[in-house]
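The values are calculated or read from the model by the stated rules, or taken from the named source; none is laboratory data. Because the structure is a prediction, the values reported are computed rather than measured. Positions of Cβ are backbone-derived with ideal geometry, glycine not excepted, and every protein chain shown enters the neighbour counts. Areas reflect the complete protein model, heavy atoms only, side chains present, ligands, DNA and RNA absent. Shrake-Rupley method; radii C 1.70, N 1.55, O 1.52, S 1.80 Å.
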Amino acid sequence: MSEMYKKEVPLYGDLIDLVSDVNTETLAQHPEIRQQLEHSGELDRLNMERHGAIRLGTAAELSMMRRLFAVMGMYPVGYYDLAPAGVPVHSTAFRAIETESLNRSPFRVFTSLLRLDLIADEQLRQEARAALDQRQIFTDNVIDLIERCEQQGGLTKDESQQFVKEALETFRWHDNTPVSKTLYQSLLAQHGLIADVVGFKGPHINHLTPRTLDIDTVQARMQGKGIAPKAIIEGPPKRDCPILLRQTSFKALEEAVSFQNAEGGYDTGHHSARFGEIEQRGVALTPKGRALYDKLLNQAREQLGGTPNEHNAAKYYQLLDSAFEAFPDDYQALHDEGLAYFYYRAVDDGVDMSTAISDLDTSASQTETAKQAIADLIEQGAVRIDPIVYEDFLPVSAAGIFQSNLHDEKQSDYQGLSNQQEFEQALGAAVYDELALYQRLQSQSLELCLLALDSKA
């Protein structure tokens, strides 16, 4: 998919080269970052890490997409409602859910379902629905392979190669559209994202995203590489200990497209939606940490009194930095205050385990006594903590990226309530709770750590 997107959007290839250069420099200048990535198993995955984004139009498309990603061991994690931020979709992210699988294939696809109910014009809503009902975004062959995988519990090597080839067709760009220029412009007047979903043959990849270790340096160097960046880096401010997710992008390209006309030919036009994005990932936050993050982010935005943009960027960053002074910027403090999730690793450094773990019980590691004993082991150096990387997304940040790349200057106001149950019904399955997954990873690592310590006692 990455190779396909490089050919379709050459500027994305330039972005990959820039991120690779910055990552190499960062690892050379900060050995502690290299060591941390080695401990958590993330170093080998760094240069192949990507996330993509697609937008679907119907429940049937979403359900089949779930089945397609399941072939690759990717499952729906999280529910995101972007309507309150002015984007008429609700979403999930398909990704692996186990640490080993994530390190082997760190690929995520942020997948949005268009909410046609938010189109106020009834006639336009019906025309949009009719256009979506007429398209088939999956090849017959890929559907056959999905069904075969479900029936036989997997695919052979040859079938897997055929599956990749057929699946890519779903995400390929098509510059000949199945709708008229008039309908496209009516949809565009409603919202750029609606036109992007309804106006095309399929859910073309609208961006792919490499992971950087220093997003501020990448942002500063983009202009010099002929890549025009968006004005604001979305997410938390720059920190010594990164949290959650920071994102920026280059602005969407204007691309020539051809619209069907009544005579059976095509009318020329343009469309803007596809872009390149960069992300910097930090430690996953607990519910307590996330509540603090949301509070401080909202505080900065309320003080700004408007949507962050190129005109108020400096003021916004100042307000953001000031607000986040209340968020500890030290991994040990994040751990001790229960703000973030961590892996626990036993360290073989000669500590007398027979006394060190006397208060521990591997079946009751969450008791207050056990927590204090673990804290003592960390202080003694017998246990090391490594941050669990945040694998998911942030609704406000995603909306900010979408809006800035749809050339949509107006802020839509959608009052309709999104409904997770409705989304899951369309999906054909419940989404995984991302916080529960992080808690499970932390608990599993703690149990393994305690068993390792017990074996040394």
Residue 276: passes all of (1) in a helix (DSSP H, G or I); (2) in contact with a helix residue (DSSP H, G or I) (Cβ under 7 Å, 6 or more places away or on another chain) but (1)
By residue number, the members of segment 312-327 that are touching a residue at least 24 places away in the same chain (Cβ under 8 Å), buried (at least 17 other Cβ atoms within 10 Å of the Cβ) and not aromatic (Phe, Trp, Tyr) are 320, 323
Scanning segment 66-90 residue by residue, those at pLDDT 95 or above, open to solvent by less than 10 Å² (accessible area, probe 1.4 Å) and closer than 23 Å to residue 135 by Cα turn out to be 68, 69
### Message
Being more than 21 Å from residue 277 (Cα to Cα) and surrounded by fewer than 18 Cβ atoms within 10 Å (Cβ to Cβ): is that true of residue 25 here?
### Response
no
Filtering segment 246-269 down to residues that are part of a strand (DSSP E or B), closer than 29 Å to residue 232 by Cβ and open to solvent by less than 60 Å² (accessible area, probe 1.4 Å) yields 246, 247, 248, 249, 250, 255, 257
Output for Cβ contacts, cut-off 7 Å, separation at least six or different chains, first residue farther than 14 Å from residue 115 by Cβ and assigned to a loop (DSSP other than H, G, I, E, B) in segment 419-437, second among the hydroxyl-bearing types (Ser, Thr, Tyr) and open to solvent by less than 80 Å² (accessible area, probe 1.4 Å), reads 428/63; 431/79; 431/92
Flagged pairs (Cβ under 8 angstrom, 6 or more apart or on separate chains; first in segment 122-144, free of Cβ contacts under 8 Å to residues at least 12 places away in the same chain and over 22 Å from residue 70 (Cβ atoms); second surrounded by 15 or more Cβ atoms within 10 Å (Cβ to Cβ) and of a type in the set (A, V, I, L, M, F, W, C)) are 125/116; 125/119
Output for Cβ contacts, cut-off 9 Å, separation at least six or different chains, first residue part of a strand (DSSP E or B) in segment 108-120, second open to solvent by 20 Å² or more (accessible area, probe 1.4 Å) and not hydroxyl-bearing (Ser, Thr, Tyr), reads 108/50; 111/66; 113/59
Scanning segment 28-53 for residues that are within 19 Å of the chain's Cα centre (by Cα) and part of a helix (DSSP H, G or I), the one surrounded by the most Cβ atoms within 10 Å (Cβ to Cβ) turns out to be 46
For residue 97, the lone unmet condition from (1) more than 21 Å from residue 283 (Cβ to Cβ); (2) not in a helix (DSSP H, G or I) is (1)
Matching residues in segment 279-290 (part of a helix (DSSP H, G or I) and open to solvent by less than 60 Å² (accessible area, probe 1.4 Å)) number 2
From the option list 63, 101, single residue qualifying as open to solvent by 10 Å² or more (accessible area, probe 1.4 Å) and either among the aliphatic types (A, V, I, L, M) or at pLDDT below 95 (or both) is 101
